[in-house]
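The values are calculated or read from the model by the stated rules, or taken from the named source; none is laboratory data. On a predicted model such as this, the values are computed, not experimentally measured, just so you know. Neighbour counts run over all protein chains shown; Cβ positions are idealised from the backbone, glycine included.
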Amino acid sequence: MRSIKILKDLKNKKILVRVDFNVPIKNGKILDDFRLKAAMSTIKYLKKKKARVILISHFADPKTKNLNYSLKPIAKHLKIKFVDDCLGKKVEKAVKEMKPGQVILLENLRFYEGEKKNDQVFAKHLSSLGDIYVNEAFSVCHRNDASVVSLPKFLPAYAGLNLAEEIKKLKQVLKKPSRPLVVILGGAKISTKIGVLKNLAQKAGYILIGGAMANNFFKILNLKIGDSLFEKKMLEETKKILKKYKDKIILPIDLGIEIGNKRRNIKIEDLNRLKEKFIILDIGEETAKLFSVYLAKAKTIIFNGPMGFFENNDFAWGTKKIVKSILKNRKAQIIIGGGETIASLKIKNQKSKIKNNIFISTGGGAMLEFLGGKNLSGLEALK
C-alpha cells in the first residue's frame, strides 16, 4: 500500500480523493465533524502541492436522488465549492475550470445505483475525472462499493495520510503490542465483535466485556437477563469463547438495570432472585472499579463500544467512568474506534482531555474487521 507522500510532482494533477463524509446532519448543521477533520491532513497536503482536489463521498443510503441526502451542507461547512452531481458534463466542466490548489466536493455517490452495486462502468466514468486516486476513508474500506474497490483499478492508487496512519497503528497492535494488552468491548451485538474477540484473545492479557453483548455471557451462565437484548444465534459461539478464554474474559460483577422506569443497581448473583420485569442497561459501580484496575495497569488499550445505554443519562454512568479511567492512563498506547464509542467520549466533554497517547480511529466496522484479522477489500485494492 503506497502513501500519496511518495509522489513528487502533484502540481495541477487532478486527484480524486475518496473521503467518508457520512456524518450526522440535522437541519443542515453538522453535529459531529470528526471524520471531516480526519480527512483534512490529506486535503491540506494536496492543496499545498497545488493539486486539484476532487472529493467524493457517500452520504446515508438513499434509494434514489433525494436532496435530503445531499452533501451540500458539508461543502458549506468546509467552505469549499460544491457540484450537485458526481458524473456528467456539469462535473467535467467544473473539474476543467479548477485552479491549482482548489478543492471541490461532488454530490452523493449513492445517488447512482452503480456505487453500491460496484458497477465497473460507473467506476470507469468516475475515473475519467482524475489523474490519481487517493483513499482517505478507512471507515468504508470493508465495503465493496465502486468508489472503494473498483475505481482504484482505473487510476494509479494511493493511501491518504490519515488512512496510512490508522493502518500503521492497528498493525502495531496486532503484531507487537506493548503488554499487558487490555481490550474493552461493549455495544449492542456480540456478532459484530466475534472476530475481534477470537483474534485478540490470543494476544490480549484481558478482555473486559460490557454493554448488551455481555448479556450473551450471562445467558450461558444461566443468569436471568429479563427483557435485555441478546443474540440467540450467538449463544453457542459465546459458550465456546468463554470456555476457551475463561481466564482472560472479565465480565461485569454488578449492573445498572431498569425496573419501572427507574435505575436500580444490582449484583450479578442477585439477578435470579428478581421477580419484576427488568432490562440490563449499564454496568455497576463495582464493575467500573474492577475494570479500572485492569485499565490502569495496561500498556495497550483497545476500546470499542459503550458500557450501556449511554444516550440515556440514567444509564450513562458506567460508560462515563470507563472513559475517565481510559483517559487517565497516560502511559498506555490507546486506540479507540466506532461511532458510538467516539460519541461516548463527548460525555461531559471528555474528548477535550484526549492526549497524544490516544489514537481515535475513523473506522467502526472496518476497524473491527481489521482487528479481527480480515483483509479489507478497500485496502487490497490499493496494493
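Some points to look at:
- Considering residues of the stretch 44-65 that are touching a helix residue (DSSP H, G or I) at 6+ places or on another chain (Cβ under 8 Å) and among the charged types (D, E, K, R) only, the residue surrounded by the most Cβ atoms within 10 Å (Cβ to Cβ): 52
- Residue 62 falls short on exactly one of the conditions (1) in a helix (DSSP H, G or I); (2) within 28 Å of the chain's Cα centre (by Cα); (3) not β-branched (Val, Ile, Thr), and that condition is (1).
For every residue, the table says whether it meets (1) in contact (Cβ under 8 Å) with a residue 60 or more places away in the chain; (2) under 25 Å from residue 27 (Cβ atoms).
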{"position": "68", "(1), (2)": "no, yes"}
{"position": "79", "(1), (2)": "no, yes"}
{"position": "100", "(1), (2)": "yes, no"}
{"position": "106", "(1), (2)": "no, yes"}
{"position": "116", "(1), (2)": "no, no"}
{"position": "123", "(1), (2)": "no, no"}
{"position": "134", "(1), (2)": "yes, no"}
{"position": "137", "(1), (2)": "yes, no"}
{"position": "141", "(1), (2)": "yes, no"}
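- Residues of the stretch 198-231 satisfying the condition of being of a type outside the set (S, T, N, Q), surrounded by 22 or more Cβ atoms within 10 Å (Cβ to Cβ) and in a helix (DSSP H, G or I): 200, 214
- Applying the criterion of at least 2 residues that are in the same structural domain as residue 288 (by TED's automatic domain parsing) and within 19 Å of residue 57 (Cβ to Cβ) to the strands (runs of 3 or more DSSP E) found wholly in the stretch 128-188 leaves an empty list.
- Cβ pairs under 9 Å, 6+ apart, first in the stretch 1-12 and of a type in the set (Gly, Ala, Ser), second buried (at least 17 other Cβ atoms within 10 Å of the Cβ): 3/158; 3/159; 3/160; 3/161; 3/163; 3/164
- Answer from 210, 256, 186 - the residue that is in contact (Cβ under 8 Å) with a residue 12 or more places away in the chain, of a type in the set (Gly, Ala, Ser) and over 28 Å from residue 140 (Cβ atoms): 256
- Odd one out for residue 172, checked against (1) closer than 17 Å to residue 249 by Cβ; (2) modelled with pLDDT under 95: (1)
- Residues in the stretch 325-383 that are modelled with pLDDT under 90 and of a type in the set (Gly, Ala, Ser): 337, 338, 339, 343, 344, 352, 363, 364, 365.
- Those residues of the stretch 1-36 which are among the charged types (D, E, K, R), assigned to a loop (DSSP other than H, G, I, E, B) and surrounded by fewer than 21 Cβ atoms within 10 Å (Cβ to Cβ), in sequence order: 2, 8, 9, 11, 13, 32, 33
- Among the numbered conditions (1) touching a Lys or Arg at 6+ places or on another chain (Cβ under 9 Å); (2) touching a residue at least 60 places away in the same chain (Cβ under 8 Å); (3) not β-branched (Val, Ile, Thr), the only one that residue 61 does not meet is (2).
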